[in-house]
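Undergrad: Structure provided below as structure tokens; questions to follow.
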Ligand code: ADP
Ligand code: ASP
Ligand code: MG
């Protein structure tokens, strides 16, 4: 294969959207470039908003029909260009900026002449925000050796011609976006487009409504069938409430599309309300992340999301709402009345958020706006209209609301002294929505957050007790047993997040979220770009650390189960083990053993990059016992064999296969060598057993009718001694006929035995040798190594439960020992 990328041309891209604050100045542009670089392998398509404040300034300039106040905004672009582009590129961008200034001036002049604004002129002016930021970003990426290509978003996003809030024509957008972007992606380029803007079929510039860059990203993601849509913003994901109102708001690790949709619709500004639909249609996950803190876990929005113990996940609110109550004698059963009513809103393109009805009246909410008086006047022809301005909508969201009774009672009890109207539960039934006076919205949101979302974390309860230096016996565990996934459930959820070595991030972020909910402090360990490991600790020093790996061997296959087993990639190696360790740690903490932590690393199946990185962690020195999980059939391994990976290469002289005597076949030589290797009498050691040698790969040759010019074999030898005697034996057998490369060598390891537990010796290698700073290693876990790496990988449910029990008992024993030693000392 020549010159084709191994991932193939059809590997789906990832859309990365950067909001205005993510490109506010030169430093922000630099952060964006680093994020794009880190995502390079994901075939990024970059969508960018105008630099923060620029859209507002452009809109103000249209209203004032004057460009006077735009100069500082243009200067901000200039500063970035001068700071980050080379002289020639900066000069080129300044020419573009100059052109934009002239064109905006010309457009504003025609606004001035007309004495009123044509909506399409407004869109044309405001589009410069994204046109300039995207061109600048493409330049910055190119200056950093990233193969960026600027693409005019108006050639991709096709809309109707409703200025200011144009509706996209999705099929047409799909076709155009693919035609524009696929060739660039295939050529390894990184397309960069402005968000928010599009063009009508007739080529007139349009915009998608304020905050519309999220929508652009989602539309392009759906058009290209992206792997993921990433929304990079100034907060670490969707939070439990608007952080400007609730200081204690925290990140929600996962949301369902329905939950995210409701939140966005009812005021969580972090996502544009329309941005969920295109992702949902194509089942593309949307990840919301912080461009100022890329290492923070954000929020993943996908079809399924975890249920939270308190059932409520977030509280959104939206101010600037007017309630209209329309009363009419014709209301009773009058279909025509309702239709006439909604036609009024339709004509004025005024969205209605919440609707409730009674026998004689209908109440609904709309956003304040210039069109309101005209709407009210028309409604008055249909009945009596009461207008209640300065209201706010509050929306409590969580999938759990579908099934949990009593939430509404709790909600209204919490704000019983606040006047509530228009209570409704959306069709998706994941929200409870109601209206309060605008002046009371902050108070209501703050109180609801405190009542519904601040009490639920075990962590807080734990912190409080630790703070007082004693454990309160009356404390009821806040996360009830029945609310947590069982080990089997968690195993399946972990299996279903693919994490073949190299691709561990999603499972790490998911687990991080789970562990945070269970009250751990979670730290992501940067082992390699986009491959975070995870360290979860309590506030006590970690004496006993449960550890295993996040990665699996390929290929991924999803989970399934029957009465006896859970199946799926990683079932026994090592996702079942992760679940068992988490369950055990949870039980131990409930018993009062707090000196526990969990360490999950990447890359165990390949080169142990994760374990090596974790070995430098400052907590390592505090750890006395490292309980490493691998499938040992719940037996404590007293030793694990070492490993020596070897590459043998032979050379030949090519030639026509019809005349073998004229050449020398590298394959024949290799086969001779391997035959001798197979009969080597390898060392045997009493505590570890026999050395074994697997010839895992043989390859070579040029064609069936060619004398093979080269050949190679890869061996994996399991060591029971040092590598030295084995190497000597191997070199003796090869006798110079092949070149030998030693790819890696790990000596056999003696592990810690604890009286009272069944023991075994294992033939496979683990991360243990690379975690030498983490105290005495133990190796044990449910599942059988004979099921690991197979096409039918599985773990017996009973084994999984026994594994949890075993980890609990082992930690209790070790803890008692630690306490005894500390008392002695
Ligand atoms: P961008 O410029 O990146 O598009 P936005 O300002 O549109 O960013 O959205 C991010 C902002 O949304 C946050 O800074 C925050 O103030 C606000 N916000 C409101 N509700 C929420 C919420 N529930 N979670 C996160 N952010 C929220
Ligand atoms: N720049 C546009 C706005 O400020 C679009 C966006 O940022 O998403 O509304
Ligand atoms: Mg936004």
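Undergrad: Does residue 120 fit the bill of being modelled with pLDDT under 95, in contact with a strand residue (DSSP E or B) (Cβ under 8 Å, 6 or more places away or on another chain) and within 16 Å of ligand 3 (Cβ to nearest atom)?
TA: No: the conditions fail for residue 120.
Undergrad: Still on this structure, I have one more. Checking residue 180 against (1) touching a helix residue (DSSP H, G or I) at 6+ places or on another chain (Cβ under 7 Å); (2) touching a residue at least 40 places away in the same chain (Cβ under 8 Å); (3) part of a helix (DSSP H, G or I): exactly one of these is not met. Which one?
TA: (2)
Undergrad: Name the residues in the range 781-798 that are surrounded by 15 or more Cβ atoms within 10 Å (Cβ to Cβ) and not in a loop (DSSP other than H, G, I, E, B), would you?
TA: 794, 795, 796, 797
Undergrad: Considering 219, 208, which residue is modelled with pLDDT of 95 or more, closer than 23 Å to residue 163 by Cβ and more than 14 Å from ligand 3 (Cβ to nearest atom)?
TA: 219
Every residue, every condition in (1) assigned to a helix (DSSP H, G or I); (2) within 19 Å of residue 14 (Cβ to Cβ); (3) at pLDDT below 95, yes or no:
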| site | (1), (2), (3) |
| --- | --- |
| 116 | no, no, yes |
| 125 | yes, no, no |
| 129 | yes, no, no |
| 138 | yes, yes, no |
| 154 | yes, no, no |
| 175 | yes, no, no |
| 185 | yes, yes, no |
| 192 | no, yes, no |
| 214 | yes, yes, no |
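Undergrad: Within the range 680-715, count every residue that is closer than 20 Å to residue 763 by Cα and assigned to a loop (DSSP other than H, G, I, E, B).
TA: Final tally of qualifying residues: 8.
A quick yes/no check of all residues on (1) within 16 Å of ligand 3 (Cβ to nearest atom); (2) touching a helix residue (DSSP H, G or I) at 6+ places or on another chain (Cβ under 8 Å); (3) more than 29 Å from residue 114 (Cα to Cα):
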site	(1), (2), (3)
27	no, no, yes
31	no, yes, yes
44	no, yes, yes
48	yes, yes, yes
57	no, yes, no
84	no, yes, yes
101	no, yes, no
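Undergrad: If you don't mind, there's one more thing I want to ask. Condition test on residue 674, is it modelled with pLDDT of 95 or more, under 50 Å from the mean Cα position of the chain (by Cα) and in a helix (DSSP H, G or I)?
TA: Yes.
Undergrad: Checking the conditions here, which among 584, 580 is in a helix (DSSP H, G or I), within 24 Å of residue 557 (Cα to Cα) and touching a residue at least 24 places away in the same chain (Cβ under 8 Å)?
TA: 580
Undergrad: Ok, one more. Looking only at residues that are more than 18 Å from the chain's Cα centre (by Cα) and not in a strand (DSSP E or B) in the range 222-246, which one is nearest to residue 163 (Cα to Cα)?
TA: Ranking the qualifying residues of the range 222-246, first place goes to 223.
Undergrad: Can you name every residue in the range 345-386 that is in contact (Cβ under 8 Å) with a residue 60 or more places away in the chain, within 20 Å of residue 262 (Cα to Cα) and surrounded by fewer than 19 Cβ atoms within 10 Å (Cβ to Cβ)?
TA: 355, 356
Undergrad: Confirm whether residue 260 is within 15 Å of ligand 3 (Cβ to nearest atom), at negative phi and more than 14 Å from the chain's Cα centre (by Cα).
TA: yes
Residue-by-condition table, conditions (1) within 14 Å of ligand 2 (Cβ to nearest atom); (2) touching a strand residue (DSSP E or B) at 6+ places or on another chain (Cβ under 9 Å); (3) farther than 18 Å from residue 22 by Cα; (4) free of Cβ contacts under 8 Å to residues at least 24 places away in the same chain:
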| position | (1), (2), (3), (4) |
| --- | --- |
| 104 | no, no, yes, no |
| 108 | no, no, yes, no |
| 114 | no, no, yes, yes |
| 135 | no, yes, no, no |
| 140 | no, yes, no, no |
| 162 | no, yes, yes, no |
| 166 | yes, yes, yes, no |
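Undergrad: Identify all residues within the range 266-285 that are in contact (Cβ under 8 Å) with a residue 60 or more places away in the chain, more than 14 Å from ligand 3 (Cβ to nearest atom) and in contact with a helix residue (DSSP H, G or I) (Cβ under 8 Å, 6 or more places away or on another chain); write none if there are none.
TA: Selection gives 278, 279, 282, 284.
Undergrad: Another question, then. All but one of (1) away from ligand 1 (no atom under 16 Å from the Cβ); (2) under 21 Å from the mean Cα position of the chain (by Cα); (3) modelled with pLDDT of 95 or more; (4) part of a helix (DSSP H, G or I) hold for residue 31; state the number of the condition that does not hold.
TA: Every listed condition holds for residue 31 apart from (1).
Undergrad: How many residues are closer than 24 Å to residue 285 by Cβ, crowded, with 24+ Cβ neighbours inside 10 Å and within 9 Å of ligand 2 (Cβ to nearest atom) if we restrict to the range 193-216?
TA: Residues in the range 193-216 being closer than 24 Å to residue 285 by Cβ, crowded, with 24+ Cβ neighbours inside 10 Å and within 9 Å of ligand 2 (Cβ to nearest atom): 9 in total.
Undergrad: For the range 266-305: of the residues being assigned to a helix (DSSP H, G or I) and within 13 Å of ligand 1 (Cβ to nearest atom), which is farthest from residue 393 (Cα to Cα)?
TA: Among residues in the range 266-305 that are assigned to a helix (DSSP H, G or I) and within 13 Å of ligand 1 (Cβ to nearest atom), the one farthest from residue 393 (Cα to Cα) is 275.
One line per residue, one yes/no per condition, for (1) touching a helix residue (DSSP H, G or I) at 6+ places or on another chain (Cβ under 6 Å); (2) farther than 30 Å from residue 160 by Cβ:
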{"residue": "361", "(1), (2)": "no, yes"}
{"residue": "372", "(1), (2)": "no, no"}
{"residue": "409", "(1), (2)": "no, yes"}
{"residue": "415", "(1), (2)": "yes, yes"}
{"residue": "428", "(1), (2)": "yes, no"}
{"residue": "435", "(1), (2)": "no, yes"}
{"residue": "441", "(1), (2)": "no, yes"}
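Undergrad: Got at least one residue in the range 10-18 being within 16 Å of ligand 3 (Cβ to nearest atom), modelled with pLDDT of 95 or more, assigned to a helix (DSSP H, G or I) and within 24 Å of the chain's Cα centre (by Cα)?
TA: No, there is no match, as no residue in the range 10-18 is within 16 Å of ligand 3 (Cβ to nearest atom), modelled with pLDDT of 95 or more, assigned to a helix (DSSP H, G or I) and within 24 Å of the chain's Cα centre (by Cα).
Undergrad: Something else now. Regarding residue 64, is this residue over 23 Å from residue 208 (Cβ atoms), away from ligand 2 (no atom under 15 Å from the Cβ) and at pLDDT 95 or above?
TA: No: the conditions fail for residue 64.
Undergrad: Next question. Determine, yes or no, whether residue 250 is within 11 Å of ligand 1 (Cβ to nearest atom) and at pLDDT below 95.
TA: Here the answer is yes, as residue 250 does meet what is asked.
The values are calculated or read from the model by the stated rules, or taken from the named source; none is laboratory data. What you see is a predicted model, and the numbers here were worked out from it, not measured in a lab. No Cβ is skipped: glycine too gets one built from the backbone with ideal geometry, and neighbour counts run over all protein chains shown.
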